[in-house]
C-alpha cells in the first residue's frame, strides 16, 4: 500500500511540474489536455493514436515544444514497428517523418535504410546508409550493410572500397576480410569475362610447337586447332614461352585424351638396347619419356562462353599447370612432386592465364585469394599426402621463370595454419612439425 502511495505522489509531482512548465509556456488548456492524453497513449505503445493527438496539439498550439519532442521520439518507434512486420511502405513513411522532425538522428536513418532495402529500393537504401555513416563515420555495422547492398547490385568495386574502410577501422574484422576477397574476385570475374570473349590469335608460332599436338582416336577433328589457340596465348607471355621452348626441345607430346582421363604430366621409363654394328647387343639403358595429357573437356570448357570466367581461366590454367610439371621434370629427371610444386605450377598457370587475357599479372590481393583457393584444393584430395617442400620455387627462378609476389604463398605452413583456423581445411599430419 505504501508503494502505490509513493507512486501516486511521484505522478502527482510530475503532473504539477508539467503544469507549471506548460503554464510558463502559455499553453492553452485544450492543448495541455490533449498532450496528457497523447502522452498516455504514447506510453501504452499506441503510437498512431498518440501521433494524431500530437498533431492536433500542434494545430492548436504550433509552439508546443513537448509535443514536437515526443513526435521526434514516436516516429522512429512507428517506423521500427512496421519494419519488424515487413510492412515496408508504412516503415518508409514513418522513417521519412522521423528524419524530417530530427534530421541528424542516426537511428532513424538506419531504420529508413533497412525499410527501403526491404522494398527493394536500393537507390534510397544506399543514400540512407551513407547518411548513417556520415553521422557516425565509425559505424561499421552500417558500412557492412552498405557493402552488402553494393554486392546485391553487383557493384563490386564500391563494395571492396567499403570493406577496405571497415578494415582501416577494425583490421581484425573477419567478415570484411572474407567479403573484400569475394568482392575483388567478382570484380576480376567481370573483367575476365569481357576479355575472354574478345580473344583473337594467329597460328604463327614455331611449327615444331604445333607438331607436339597429338589427338587421340575419337577426339573431334577441330581439337588440334583449338589447342593451337591455347599454345599461341601461352607463347605470347615470356614465362609461357620458356615452358613451351622446353616442350619443343624435349619433344614432349601434348596428348588430347578422352573425358574419362585426367590432366597430368606423365613420366614413363623406357628400356633401350645399345647395339654394336647395329645388331650385336652390348648394353641396356633406361630413358625417361615425358608426356602431357589434356582431356578434350578442358579445351571445350575453356571455349565455353556459358561458363563463368573463373571456370574458363581454370581450364586455361590446367594446360599451363601441366606444362610446369613437364618443365621441372625435364630439367630434373629425379624431381619428386610436392605441395610446393602443386601450388607453384598453379600460380604459374593463373599468372600466365591472367597476363595473356587481361594484359596484367595477378596483383597482391588476387595472389592471396588464388593461392588460398589452390592450397585448399590441394589439401582436399590425395595431394595432401605429398611432401610439403621440394625447392620448386627457387628452382624455377633459377631457370628464368619470374612471378609476382611469390612471397605471398612461399610460406606454406603459415598459409595452412590460417586456413585451419578458418575451418577451410582438415588437419594434415605432415604439417605438424611446422605448426604448433
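The values are calculated or read from the model by the stated rules, or taken from the named source; none is laboratory data. On a predicted model such as this, the values are computed, not experimentally measured, just so you know. No Cβ is skipped: glycine too gets one built from the backbone with ideal geometry, and neighbour counts run over all protein chains shown.
Some observations on this one:
- Residue check for residue 66: in a helix (DSSP H, G or I) and either more than 29 Å from residue 96 (Cβ to Cβ) or modelled with pLDDT under 85 (or both): no
- Of all residues in the range 321-346 being at pLDDT below 95 and outside any helix (DSSP H, G or I), the one that is surrounded by the most Cβ atoms within 10 Å (Cβ to Cβ): 335
Conditions (1) touching a helix residue (DSSP H, G or I) at 6+ places or on another chain (Cβ under 8 Å); (2) on the phi > 0 side of the Ramachandran plot; (3) at pLDDT 95 or above, marked per residue:
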{"site": "126", "(1), (2), (3)": "yes, no, yes"}
{"site": "137", "(1), (2), (3)": "no, no, yes"}
{"site": "147", "(1), (2), (3)": "yes, no, yes"}
{"site": "170", "(1), (2), (3)": "yes, no, yes"}
{"site": "175", "(1), (2), (3)": "yes, no, yes"}
{"site": "203", "(1), (2), (3)": "yes, no, no"}
{"site": "212", "(1), (2), (3)": "yes, no, yes"}
{"site": "221", "(1), (2), (3)": "no, no, no"}
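- Matching residues, the range 234-259, being within 20 Å of residue 224 (Cβ to Cβ) and within 32 Å of the chain's Cα centre (by Cα): 234, 235, 236, 240, 243, 259
- In a residue-by-residue description of the range 259-267, the property of being part of a loop (DSSP other than H, G, I, E, B), out of contact with any helix residue (DSSP H, G or I) (no Cβ under 9 Å at 6 or more places or on another chain), modelled with pLDDT of 70 or more and under 30 Å from residue 198 (Cβ atoms) applies to no position.
- The selection criterion, being in contact with a helix residue (DSSP H, G or I) (Cβ under 6 Å, 6 or more places away or on another chain) and without any contact (Cβ under 8 Å) to a residue 40 or more places away in the chain, holds for residue 349.
- Residues of the range 403-424 that are buried (at least 17 other Cβ atoms within 10 Å of the Cβ) and more than 23 Å from residue 324 (Cβ to Cβ): none at all.
- A single member of 141, 63, 121, 110 is over 30 Å from residue 181 (Cα atoms) and free of Cβ contacts under 8 Å to residues at least 60 places away in the same chain, and it is 63.
- Within the range 69-83, considering residues that are within 13 Å of residue 109 (Cα to Cα) and either within 37 Å of the chain's Cα centre (by Cα) or not in a helix (DSSP H, G or I) (or both), the one modelled with the highest pLDDT: 83
- Among (1) assigned to a helix (DSSP H, G or I); (2) modelled with pLDDT under 95; (3) surrounded by fewer than 16 Cβ atoms within 10 Å (Cβ to Cβ) - the single one residue 376 does not satisfy: (2)
- Filtered residues of the range 84-107 (kept if out of contact with any helix residue (DSSP H, G or I) (no Cβ under 6 Å at 6 or more places or on another chain) and part of a helix (DSSP H, G or I)): 84, 89, 93, 96, 100
- Flag if residue 163 is assigned to a helix (DSSP H, G or I), over 28 Å from residue 73 (Cβ atoms) and at pLDDT 95 or above: yes
- Of residues in the range 113-142 being within 25 Å of the chain's Cα centre (by Cα) and outside any helix (DSSP H, G or I), the one surrounded by the fewest Cβ atoms within 10 Å (Cβ to Cβ): 120
- Taking the listed residues 402, 428, 356, the one that is touching a residue at least 24 places away in the same chain (Cβ under 8 Å), out of contact with any strand residue (DSSP E or B) (no Cβ under 6 Å at 6 or more places or on another chain) and within 20 Å of residue 189 (Cβ to Cβ) is 356, with no other qualifying.
- Members of the range 203-232 found to be within 17 Å of residue 318 (Cβ to Cβ), assigned to a helix (DSSP H, G or I) and more than 38 Å from the chain's Cα centre (by Cα), listed by number: none
- Whichever residue in the range 1-56 is surrounded by fewer than 17 Cβ atoms within 10 Å (Cβ to Cβ) and not in a helix (DSSP H, G or I) and, among such residues, is modelled with the lowest pLDDT: 1
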